[in-house]
1. Dipole of the chain, Cα-centred, from +1 at each Lys and Arg C-beta and -1 at each Asp and Glu C-beta, to the nearest 20 debye?
2. For the range 321-430, state which chymotrypsin sites (Phe, Trp or Tyr not before Pro) are in a DSSP loop and have at most 10 other beta carbons lying within 10 Å of their beta carbon.
3. For each of T403, T155, count neighbouring Cβ atoms within 10 Å of the residue's Cβ, then give the residues from fewest to most.
4. For the chain, what is the number of Lys pairs with C-alpha distance below 23 angstrom, counting only pairs 8 or more positions apart or on separate chains?
5. Give a residue-ordered list of calculated ³J(HN,Hα) values for the range 59-64 (Karplus: 6.51 cos²θ - 1.76 cosθ + 1.60, θ = phi - 60°; whole Hz; x for Gly, Pro).
6. Compute from the Cα atoms of the chain the Rg and the Dmax, the latter being the longest Cα-Cα distance, and quote both in angstrom.
7. Pick from A317, A262, A93: which is most flexible by mean-square fluctuation in a GNM of the chain where alpha carbon atoms under 10 Å apart are linked?
8. Which of the listed residues, V355, A170, A331, is farthest toward the dipole's positive end in the chain, when Lys, Arg count +1 and Asp, Glu count -1 at the beta-carbon?
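Values quoted throughout were computed directly from the atomic coordinates according to the rules given, and no laboratory measurement underlies them. Not measured: the values here are computed from a predicted model. Reconstructed Cβ throughout: ideal geometry from the backbone, glycine too, with neighbour counts over all protein chains shown.
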Amino acid sequence: MPRIRLPDFLSSTGIYFFGSLANGLLPLALVPIFTRCLTPEDYGIVATSSVLLNIFVILQGVNAYGLIARTHFDDDSSRLRDLVSTGTWFSLAASVVLVLLFFTGFGKLVGQWSEFPAAWLPAVVVLGLFSVFQNNYQCLLQARKEPWRFVGNQTVGSLLNLGISAWLVAVLHWDWRGRMWGLLIGGAVVSLMCIWGMAVRLGLLRAIFSGKAVRELLHFGVPLIPHTLGGWVMTVSARLYLNNMASVADTGLFSLAFNLTAPLNMVIGALHKTYYPWLFEKLSKPNELDAVALCRMLLIATVAILVIGTAFGIGAAVALPLIVGPNFYPAAPYVFWLSVTMAFSGVYFIFGSIVVYSKRTTLMAWRADFLGGIVVLISCPILIHMIGPVGAAVSNCLGFVATTIGCITAARVAHPLPWGRAMRSFFGGGRTS
């Protein structure tokens, strides 16, 4: 078996899990309040803002955090500093360009297409910039194995975001705008913490804009744009289809169901945050690695995640009336399908981390999330027409199945490992040590 310092691994996973649990329990605890003070339409508008946020982040951040995390393991502080600094200033410049575009007729077109208030588009761009700052710093915390700082940043953001939102919505009786202001204020505070961390604590953020770093970022990030856009399509296009083929209220049900998968997301997220630096460290020492045992471990994790996700979906759908107001009872079938979807996203991370380590991100451009996005684009309107709005959740699940299969094939090419021998070893064949 690959040598794991199990206490350290379990300790980091436990910190991430309980941190995610603390961050996840608050929004779940507030669901009864939000579902009674807001309408499904309000939920739909906030959900649509996350649709736009995800695509803006692609343009603002060019997936820099993946390269930053990988570069940490190269032990080249000068190069890492150039990447962090250049990536930060690039995202700021891209945000300014986007905001200026929205003051033209482009903003009105985006608002009409997305069913989102055009006047709030600059606020979504600002949220995207905050997200890039947080991604860049938090990937460094993960790579440096500093789970307490990672969880601390998350917790501050969640408390501010949800606390302010609850006050504005429940006490002052604001509508969806209360949720948006909560997101903005919480995001601003955490972003300042991240900037301080990168500039002062780690000394990696400087007044540097390196042409070489830009080329490296683009070389790494641009091939991932089709892949990331595909992920965006899988995650958010269902909501846009619901806005236009059903109603904004149905989008709200979809969004609530997605939020209720938070406990499952906590488990998967905690494991992944500990897993990928551990994996990178193991793969960087091939002479010490038992590759067959590593593959066995990852195959067992794959099956376990799928079983847990399916069981969670059934249980959460049954328990839904105990959690939400009557107007949101129809979200039950969405909860089941999105829980299975979340499980496949966990499998995706297992194999996707192997591709990121290899730096062969071009392999992910067309065969993973892009493929899944095509599946969702084609199947979503068909399924909504055939079985109603819940078809959007079924389509989302099909998209993640496709992208997971594509990711597995990319991982096999990017960094060949003895998967066949590992599978045979379960049945008594192949070397296991």
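1. Numbers: 28 positive and 16 negative charges, 218 e Å.
Roughly 1040 debye for the chain.
2. Working: sites: F328, Y334, F336, W337, F344, Y348, F349, F351, Y357, W366, F370, F400, W419, F426, F427; in loops: F426, F427.
Loop-located and lightly packed - F427.
3. On the way: T403 30, T155 16.
If I rank by nearby Cβ atoms, fewest first, I get T155, T403.
4. Counting lysine pairs in the chain gives 10.
5. After applying 6.51 cos²θ - 1.76 cosθ + 1.60, I find 6, 7, x, 6, 6, 4 Hz.
6. For the chain, the Cα radius of gyration and maximum Cα-Cα distance read 21.3, 66 Å.
7. A93
8. V355
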